[in-house]
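These notes are about the structure you will find just below.
The values are calculated or read from the model by the stated rules, or taken from the named source; none is laboratory data. Predicted, not measured: the structure shown is a model, and the values here were computed from it. Neighbour counts are summed over all protein chains in view; Cβ atoms, including those assigned to glycine, are modelled from backbone coordinates with ideal geometry.
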Ligand SMILES: NC(=O)c1ccc[n+]([C@@H]2O[C@H](COP(=O)([O-])OP(=O)(O)OC[C@H]3O[C@@H](n4cnc5c(N)ncnc54)[C@H](OP(=O)(O)O)[C@@H]3O)[C@@H](O)[C@H]2O)c1
């Protein structure tokens, strides 16, 4: 059994769910995949840090913060310090998305400089600086995996990389933001926007501040990440025009419903014949025959438009935390599991 040493930045919902999954599967990881994960450093923004030369198991880590104020014993330390001192094989980046992605980009570059691989569920580096971090990985001879940045653990990047050799992605479109999807469904059922957002928050689908979702910023980051990785683009989310649903009226939603239609926030990218890239996040109205119509609540859909395989439709039903935790689990197996 091989020890894989992990530096974990961010210990929120996703990191905890991943620790739980890894803990539940520890016997299978060892017996079937020959791996034991040991966490040698953990960083948070306000809840302390942990450095352990010997490393702790994910189960031990969860037990450490199961009571009281959920804090680690040592003071908060800058991510770069933790990475440099962690002697880890891999950085798992699970800090929040921020405009510009600066902190997470710096974390990835520090990890590569320290000879580590990286698994990130934070879409910032892929949306804002994909070429920069990919080139940093290449220069260091290290590897970068990021399946969790777009459709939780549902294979998108792995699908294209591993299953579509020789095919080009010409464009894509899809519904990729659970918060707006949930809010639009609630409004279709008759709530106004404020009540629909409150319902989404209560159900755990919206942050305390849902602005990035309502204004299309989260969706724009997904468009940039997909276009950068799958279509060779070099854009940032700032270059993705977007519709906000912040001022959407109940009447507008009711009118669509009266016509037998639903509103959806659609992400898209397409190259025209000259090679120019058109990207966007737009509020669209769809009927029952459209692939978006049945994609409700936290489900999502992505249609990849390819040259050799036509359209490929990927649907994730009810993507929640366990699916994002699986993205980290799967990326680590891709990096360190048996070939
Ligand atoms: N939730 C989902 O279903 C989902 C799905 C796909 C992708 N993602 C992505 O996964 C990432 C994590 O999401 P989450 O829901 O777990 O977020 P979360 O619950 O808000 O947790 C974020 C964690 O990051 C820590 N943190 C913040 N800034 C940091 C920094 N500069 N250095 C070290 N730690 C820092 C926070 O510390 P404190 O606790 O001290 O504040 C917290 O532990 C995000 O990028 C998100 O977009 C989430």
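Which of the residues that make up segment 79-101 are more than 9 Å from the ligand (Cβ to nearest atom), part of a loop (DSSP other than H, G, I, E, B) and either closer than 15 Å to residue 122 by Cβ or without any contact (Cβ under 8 Å) to a residue 60 or more places away in the chain (or both)? 99, 100, 101, listed by residue number. Looking at residue 105, is it touching a strand residue (DSSP E or B) at 6+ places or on another chain (Cβ under 9 Å), assigned to a helix (DSSP H, G or I) and within 12 Å of the ligand (Cβ to nearest atom)? So residue 105 fails the test.
Among residues of segment 197-211 being in a helix (DSSP H, G or I) and in contact with a helix residue (DSSP H, G or I) (Cβ under 7 Å, 6 or more places away or on another chain), the one that is surrounded by the most Cβ atoms within 10 Å (Cβ to Cβ) is 200. Condition first: touching a strand residue (DSSP E or B) at 6+ places or on another chain (Cβ under 9 Å) and part of a strand (DSSP E or B). Can you find one or more residues in segment 315-334 that meet it? Yes, segment 315-334 contains a residue that is touching a strand residue (DSSP E or B) at 6+ places or on another chain (Cβ under 9 Å) and part of a strand (DSSP E or B). Among the residues of segment 232-251, those identified as within 17 Å of residue 283 (Cα to Cα), surrounded by 15 or more Cβ atoms within 10 Å (Cβ to Cβ) and in contact with a strand residue (DSSP E or B) (Cβ under 8 Å, 6 or more places away or on another chain) are 240, 242, 243, 245, 248. Checked against (1) within 16 Å of the ligand (Cβ to nearest atom); (2) modelled with pLDDT under 95; (3) touching a helix residue (DSSP H, G or I) at 6+ places or on another chain (Cβ under 9 Å), residue 332 passes all but condition (2). With respect to residue 315, is the statement that it is within 22 Å of the chain's Cα centre (by Cα), away from the ligand (no atom under 16 Å from the Cβ), surrounded by fewer than 22 Cβ atoms within 10 Å (Cβ to Cβ) and modelled with pLDDT of 95 or more true? Answer is yes for this residue.
Only one entry of 16, 46, 25 meets the criterion of being surrounded by fewer than 18 Cβ atoms within 10 Å (Cβ to Cβ) and closer than 18 Å to residue 95 by Cα, and that entry is 46.
In this structure, residue 110 does not qualify as more than 10 Å from the ligand (Cβ to nearest atom), modelled with pLDDT under 95 and under 22 Å from the mean Cα position of the chain (by Cα).
Yes/no per residue for (1) within 12 Å of the ligand (Cβ to nearest atom); (2) touching a strand residue (DSSP E or B) at 6+ places or on another chain (Cβ under 8 Å); (3) in contact (Cβ under 8 Å) with a residue 12 or more places away in the chain:
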| position | (1), (2), (3) |
| --- | --- |
| 4 | no, yes, yes |
| 12 | yes, no, yes |
| 24 | no, no, no |
| 27 | no, no, no |
| 48 | yes, yes, yes |
| 57 | no, yes, yes |
| 64 | no, yes, yes |
| 69 | yes, no, yes |
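Scanning segment 120-150 for residues being closer than 16 Å to residue 161 by Cβ and either more than 15 Å from the ligand (Cβ to nearest atom) or assigned to a helix (DSSP H, G or I) (or both) gives a total of 10.
Filtering segment 158-180 to residues that are under 19 Å from residue 269 (Cβ atoms) and either surrounded by 18 or more Cβ atoms within 10 Å (Cβ to Cβ) or touching a strand residue (DSSP E or B) at 6+ places or on another chain (Cβ under 6 Å) (or both) leaves 160, 167, 169, 170, 171, 172, 173, 174, 175, 176, 177, 180. List pairs: first residue in segment 110-123 and under 24 Å from residue 13 (Cβ atoms) and without any contact (Cβ under 8 Å) to a residue 40 or more places away in the chain, second residue in a loop (DSSP other than H, G, I, E, B) and away from the ligand (no atom under 14 Å from the Cβ) anywhere in the structure, Cβ distance under 8 angstrom, at least six positions apart or on different chains. Partner pairs satisfying both residue conditions: 118/142; 118/143.
Answer with yes or no whether residue 41 is touching a strand residue (DSSP E or B) at 6+ places or on another chain (Cβ under 9 Å), within 13 Å of the ligand (Cβ to nearest atom) and in a strand (DSSP E or B). It is true that residue 41 is touching a strand residue (DSSP E or B) at 6+ places or on another chain (Cβ under 9 Å), within 13 Å of the ligand (Cβ to nearest atom) and in a strand (DSSP E or B).
Check whether at least one residue in segment 212-234 is in contact with a helix residue (DSSP H, G or I) (Cβ under 7 Å, 6 or more places away or on another chain), assigned to a helix (DSSP H, G or I), in contact (Cβ under 8 Å) with a residue 40 or more places away in the chain and over 25 Å from residue 125 (Cβ atoms), and report yes or no. The answer is no; no qualifying residue exists.
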